[in-house]
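Asker: Submitted below is the structure of interest, expressed as structure tokens.
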Amino acid sequence: AQRVTQPEKLLSVFKGAPVELKCNYSYSGSPELFWYVQYSRQRLQLLLRHISRESIKGFTADLNKGETSFHLKKPFAQEEDSAMYYCALSGLQGAQKLVFGQGTRLTINP
Amino acid sequence: GAGVSQSPSNKVTEKGKDVELRCDPISGHTALYWYRQSLGQGLEFLIYFQGNSAPDKSGLPSDRFSAERTGGSVSTLTIQRTQQEDSAVYLCASSLGGTGPLYFGPGTRLLVL
């Protein structure tokens, strides 16, 4: 069964500090991992996916199959990063539904 | 082009009444999802349509919930005999193919009194 765990419901850091949002998953096959973000009064949107191996808005995430993790990191947090972040997983084989974690609300303090 | 749209944006209903929520996916997207977002909770998967395949209904919380997708496009989520615990934001999303990124609609905020 697919499962995504985000252990922190709330995370608060100061502007300019590094930030790491944790995500662990459980899946027996080859997973595809995503991070979605929801800013205040906006719809949920894709932030990044592990297949793309890109940095979006200064955020990166590396898939660690040994630790079954996909943590989201940014070296210097900015106030506009305050949002709700969701980690999500789907299988790479065929059309499989996307399963989300419970989300982490990130607050960047000035 | 237009994104995913949902209607109504807000719905207030009385306990026991039926409600219908509508989703218009992005044109050409074969996959369509319904999720529920309750206060303080994460995104709860409800149902998933992919092309002409039988939908994955494994997330529907009870038989009061049903959904259909007509002509591979518009989808309607129906909740019969609504209960107060059905109050939540119902999100629709679509994707190009089954493994592409999801594009979400703005959601329908349902309040059952």
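Asker: For residues in segment A:47-65 being away from chain B (no Cβ under 14 Å) and among the charged types (D, E, K, R), which is farthest from the chain's Cα centre (by Cα)?
Answerer: Step by step, filter segment A:47-65, then rank; the result is A:K65.
Asker: Scan segment A:4-22 and tell me whether some residue there is within 20 Å of B:Q37 (Cα to Cα) and away from every other protein chain (no Cβ under 14 Å).
Answerer: Scanning segment A:4-22, I find at least one residue that is within 20 Å of B:Q37 (Cα to Cα) and away from every other protein chain (no Cβ under 14 Å), so the answer is yes.
Asker: Sticking with this one: Among the candidates A:S28, A:S40, which residue alone is more than 24 Å from B:S58 (Cα to Cα), in a loop (DSSP other than H, G, I, E, B) and at pLDDT below 95? Reasoning before the result, please.
Answerer: On the way: A:S28 fails: more than 24 Å from B:S58 (Cα to Cα).
Only one candidate passes the filter, namely A:S40.
Asker: Does segment A:66-74 include one or more residues that are in a loop (DSSP other than H, G, I, E, B), within 14 Å of another protein chain (Cβ to nearest Cβ) and without any contact (Cβ under 8 Å) to a residue 24 or more places away in the chain?
Answerer: Just the residues of segment A:66-74 that are in a loop (DSSP other than H, G, I, E, B), to begin with: A:66-68, A:70-71.
Remaining after also requiring within 14 Å of another protein chain (Cβ to nearest Cβ): none.
No, segment A:66-74 contains no residue that is in a loop (DSSP other than H, G, I, E, B), within 14 Å of another protein chain (Cβ to nearest Cβ) and without any contact (Cβ under 8 Å) to a residue 24 or more places away in the chain.
Asker: Report, by residue number, each residue of segment A:75-104 that is assigned to a loop (DSSP other than H, G, I, E, B), surrounded by fewer than 20 Cβ atoms within 10 Å (Cβ to Cβ) and at pLDDT 95 or above.
Answerer: Within segment A:75-104, A:P75, A:F76, A:Q78, A:S82 meet the criteria.
Asker: Something else now. Need at least 3 residues that are surrounded by 15 or more Cβ atoms within 10 Å (Cβ to Cβ) and more than 11 Å from every other protein chain (Cβ to nearest Cβ) per element, so show me which strands (runs of 3 or more DSSP E) inside chain B make the cut, counting only ones lying wholly within it. Give the derivation first.
Answerer: Details: elements: B:5-7, B:10-13, B:19-24, B:31-37, B:43-50, B:65-69, B:75-79, B:88-95, B:108-112.
Ranges flagged: B:19-24, B:65-69, B:75-79, B:88-95, B:108-112.
Asker: Mind checking whether some residue in segment A:23-46 is more than 14 Å from chain B (Cβ to nearest Cβ), basic (K, R) and either surrounded by fewer than 21 Cβ atoms within 10 Å (Cβ to Cβ) or within 16 Å of the chain's Cα centre (by Cα) (or both)?
Answerer: So far as segment A:23-46 goes, no, none of its residues is more than 14 Å from chain B (Cβ to nearest Cβ), basic (K, R) and either surrounded by fewer than 21 Cβ atoms within 10 Å (Cβ to Cβ) or within 16 Å of the chain's Cα centre (by Cα) (or both).
Asker: Among the residues that make up segment B:27-37, is at least one of them within 25 Å of A:T104 (Cβ to Cβ) and without any contact (Cβ under 8 Å) to a residue 24 or more places away in the chain?
Answerer: Of the residues in segment B:27-37, the ones within 25 Å of A:T104 (Cβ to Cβ) are B:33-37.
Right, trim to without any contact (Cβ under 8 Å) to a residue 24 or more places away in the chain and you get none.
The answer is no; no qualifying residue exists.
The values are calculated or read from the model by the stated rules, or taken from the named source; none is laboratory data. Being a predicted model, the structure only gives us computed values, none of them experimental. Here Cβ is always computed from backbone atoms with ideal geometry, including for glycine, and neighbour counts include all displayed protein chains.
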